[in-house]
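The values are calculated or read from the model by the stated rules, or taken from the named source; none is laboratory data. These figures come from a predicted structure and were not determined experimentally. Virtual Cβ from ideal backbone geometry, glycine too; neighbours counted across all protein chains shown. SASA here: full protein model, heavy atoms, side chains in, ligands and nucleic acids out. Shrake-Rupley method; radii C 1.70, N 1.55, O 1.52, S 1.80 Å.
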Amino acid sequence: IQTKDQAYIVDNSSWSCLCGDLKRWKEDCNCNVDYDKYNKRVSGEWKKILFNAIHTVSDEIVRITDEVLQSLVKDPHAAKKEYVHVYLRQITESEFIGKHAQRNLQSQEILQVLKICTLQIYRLAAFTSCGWFFADLYRPEPRIVIGNAKKAISLLGEVGKIKEMLQIEDTFVKLLSLSKSNFSNLTGKDIYLEFQQIVAS
């Protein structure tokens, strides 16, 4: 029975993508068309490359951080899910640790748990849908997506996973180098390195 307070979502559908399978967020799509100065339709092939790159590094980050959390919290998935309440300041860090720690943690271990959970915020932010919504890679939205992924990767180093951080970063940069802006002629790798320069300065 359906009431006025209920709604049903059709899987793989969107009001802003008429293709019927969310192509706009995964590959070149006629739902989103832009043209260069020669009035030639630009390519959206970069979307598939960026989508794959984000997913690849995300899966590795989850695998590595869950291994660390396994010895610190009762349920890594539950802890990561509930950390948003700390992020929104609905509960304190102490309350969060008290609920999820599987034993009395040392101060360094507590910091490690909190940083890993913060890392997950940036990892998920790297999937923000507007990163794929428009026609070009060098728009602010895809650049923010890449920046969030970079922040998630860099936090691996802060929890003692420096070797893994460098390996994931290398993979990410190689995948990003295959994507290219239609207007600036820059690749995803170039965008990633821009964030490195900002951090360095």
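Treating each Cα of the chain as an identical point scatterer and ignoring solvent, apply the Debye formula and state log10 I(q)/I(0) at q = 0.13, 0.15, 0.16, 0.18 Å⁻¹.
-0.81, -0.97, -1.04, -1.17
Averaged per residue, what accessible area in Å² does the chain show with a 1.4 Å probe, protein chains only?
Each residue of the chain exposes 60 Å² on average to a 1.4 Å probe.
Using a 1.4 angstrom probe on heavy atoms only, work out the carbon and sulfur share of the accessible area of the stretch 107-201 in %.
Answer for the stretch 107-201 is 58 percent, counting heavy atoms of protein chains only.
Using the beta-carbon distance between THR171 and ASP34 and R0 = 41 Å, what value does 1/(1 + (r/R0)^6) give for FRET efficiency, to the nearest 0.05?
Calculated value: 0.90.
Below 25 Å, Cα to Cα, which lysines can LYS81 reach? Residues fewer than 8 away in the same chain don't count.
LYS99, LYS115, LYS150, LYS151, LYS161
Residue by residue, what Karplus-based ³J(HN,Hα) values in Hz, rounded to whole numbers, does the stretch 146-161 have, using 6.51, -1.76 and 1.60 with θ = phi - 60° and x for Gly and Pro?
Karplus-based 3J(HN,Hα) across the stretch 146-161 equals 5, x, 5, 4, 4, 5, 4, 5, 5, 5, 4, x, 6, 10, x, 9 Hz.
Would you mind telling me which residue in ASP190, ASP11, ASP136 has the biggest mean-square fluctuation in a Gaussian network model of the chain, where springs connect alpha carbons within a distance under 10 angstrom?
Judging by the Gaussian network model, the answer is ASP11.
So which chymotrypsin sites (Phe, Trp or Tyr not before Pro) in the stretch 89-190 pass both tests, a DSSP loop state and at most 10 other Cβ atoms within 10 Å of the Cβ?
Of the chymotrypsin sites (Phe, Trp or Tyr not before Pro), not one in the loops of the stretch 89-190 has a Cβ with at most 10 other Cβ atoms within 10 Å.
What longest region of the chain stays clear of trypsin sites (Lys or Arg not before Pro) that DSSP places outside H, G, I, E and B and that have at most 13 other Cβ atoms within 10 Å?
Counting only loop sites that pass the neighbour cut-off, the longest clear stretch is 104-201.
Determine the gain in length on full extension of the stretch THR128-SER43; use 0.36 nm per residue of separation and subtract their C-alpha separation, reporting nm with one decimal.
28.5 nm
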